[in-house]
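Nothing in this text is a laboratory measurement; each read-out follows from the coordinates by a stated rule. None of the values given here were measured: they were computed from a predicted structure.
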Amino acid sequence: MPDNQRVDVVIVGGGIIGMAIAWRARQRGMSVSVLERDIAGHGTSRVAAGMLAPVVEVEFGRAGRGVLELGLRSAGMWPAFAAELEQSASARVGLMRTGTLLLARDEDEAAELERQLTFRRSLALTVARLRPSEARELEPALAPTLRLALHAAEDHSVDPRLVLAALRRACVAIGVDVREHAPVARVELDRAGERVTGAVLEDGRRVSAPAVVLAAGAWSERIDGLPGSARVPVRPVKGQILRLRDPHGPGLLRRVVRFGRGYLVPREDGRYILGATVEERGFELAPTAGGVFEMLRDARELVPGVSELEIEELSVGLRPGTPDNAPAIGRSGPHGLIWATGHYRNGILLAPLTAELVVGLLSDEGVAEEELLSVCAPARFGRDPAGARAEAASAKANAGEGAIAGALS
C-alpha cells in the first residue's frame, strides 16, 4: 500500500458492518478503503449465529425499544439485501425464512414465556402461543417434556460466513480496496483538531480521506487520536459458540429454537450453531469446558437429537457492547468521523440498515433518517464519566433480561 493513499472514505474494520458499508458506499461512486486488523470477515461476525430476530431479541426499557425499531426496519430489508448480494457475488448467503420457536422446559420458564408474550403483544409484535403438542408438530425433534412454546414466525436466520464471503467478493468486484493485516493505530485530524484527515496504521503508513467510519466492533475504543468527549464506550462481551454437523444431512430442525439463554440455529447444509455464553471477561478468547458443557446440557433437554451431532468447531467471539447495549451509528466528534459500532448481539441483523444510514450520512442524505439516527446517536454517551460507568454496570448486570438468548453479533 502506498505511504499516503487517498480515498473518499476509510472504513476501520472488515466485519459484516464495515464490509456492508463499503459495498454500499462504492455503489454510490465513492472510493473506499477498508482497513482490517486481521482477515476481513474472520472476526466476531464469522462466529455469529446469524439470527435475524428483532421480535425475540427485544428487551425491556427505552434502549430495548429503540433497538427493536432499528431491528424491525433492518429485518424488513434483509430479503432484498440478500437477493442483491447473491446476484452480485454469484453466491448464496443462506437466508432461511422459517421462523423461530421460544421454548420452556419447566413451570418457571413457562411463566417467563407468558410474561414475554404479554410484553411483545403490548408492542404489537406478532407472536403465537403454542401448546407443546403444537410445537412438536412444527418440530418433531423437540423433547416430549416441553412445557410451552412461542412462535415468532417473522424471525429468521442467515449464514454469516456465506454473507461475509459474498460481501468480500462483491466489494472487490466493484473496486473496494480491502486491506488485511492493516491495524489502525489512530484517526488523524487536521491541526485544529476539527476534521478527520484519514487514518494512520500501526506501521506508520497513512490513508488520507475526508471521512472515516469506525466499524471496528469491540476494538473501536482502542483506536487513538480522538478527543475524549467524542469517544464511544465499547466493551467486549465474550461468547462461546459451537458449530455442529449432522452426518445424515439436514432435517433435525428447520426453525431456530431458543431456550433459557441458549439457541440452536439450523443451516441449509445440515450444520447447526449452538450458543452462546455471555461473559464479561474483557478480551479473553480462551474457550472453557464449563461453557461447552452448559450449552450442550441445556440444548439436549429440549432437542435430544443434539447428542448425535458431531462437534465441528468451538469458537469464541467478542460482541461489542455499549453502556446501554444499543448501537452507536452516526456522527460524533470531529467533522468527517462516523461511528458504526456497539451492535452487541444484533450486528448481523442490523448490517443492511447500518450500511444505509452510514452511506446516507456520507452522501449527505442522512437527514431523511433523522428519527432512526436519533435512536442510536453516538453523542448520547457524551456525559459525565460516573453516569456512564453506572449505566455500563447496569447493562452488564442485565445483559440478558428481556431476551431469551444472547446471540453473537
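Values as computed for the structure displayed
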read-out	value
Three-way shape call for the stretch 111-160 based on the alpha-carbon gyration tensor, with the a/c threshold at 1.5	oblate
Rg/Rh (Cα only; Kirkwood hydrodynamic radius) as it applies to the stretch 130-190	1.36
Rg followed by Dmax, in Å, when the stretch 117-222 is reduced to its Cα trace	24.0, 68
Relative contact order computed over the stretch 37-125 (Cα-Cα under 8 Å; 6+ residues apart), in percent	20 percent
log₁₀ of I(q)/I(0) at q = 0.10, 0.17, 0.23 Å⁻¹ - the stretch 209-298, Debye sum with one point per alpha carbon	-0.43, -0.83, -1.11
Helix 160-173 axis, angle to the chain major axis (alpha carbon atoms, nearest 10°)	30 degrees
Under-5 Å amide H pairs with Gly342, H placed in peptide plane, nonlocal only	Gly217, Ala328
Rounded to 5, the percent of DSSP beta bridges in the chain classed as antiparallel	65 percent
Convex hull volume of the stretch 203-260 per residue (C-alpha atoms, cubic angstrom)	242 Å³
The chain pair-distance distribution - Cα-Cα, 20 Å bins, rounded %	29, 57, 14, 0
Helix axis angle, 62-89 relative to the chain longest principal axis, alpha carbon, degrees	80 degrees
Cα-based Kirkwood hydrodynamic radius, the stretch 259-327, one decimal, Å	13.6 Å
Length-normalised contact order of the chain in % [C-alpha pairs under 8 Å, at least 6 apart]	24 percent
Mean projection area, nm², convex hull over Cα of the stretch 214-360	10.1 nm²
Cα-derived Rg over Rh, computed across the stretch 5-107 with Rh taken as Kirkwood radius	1.04
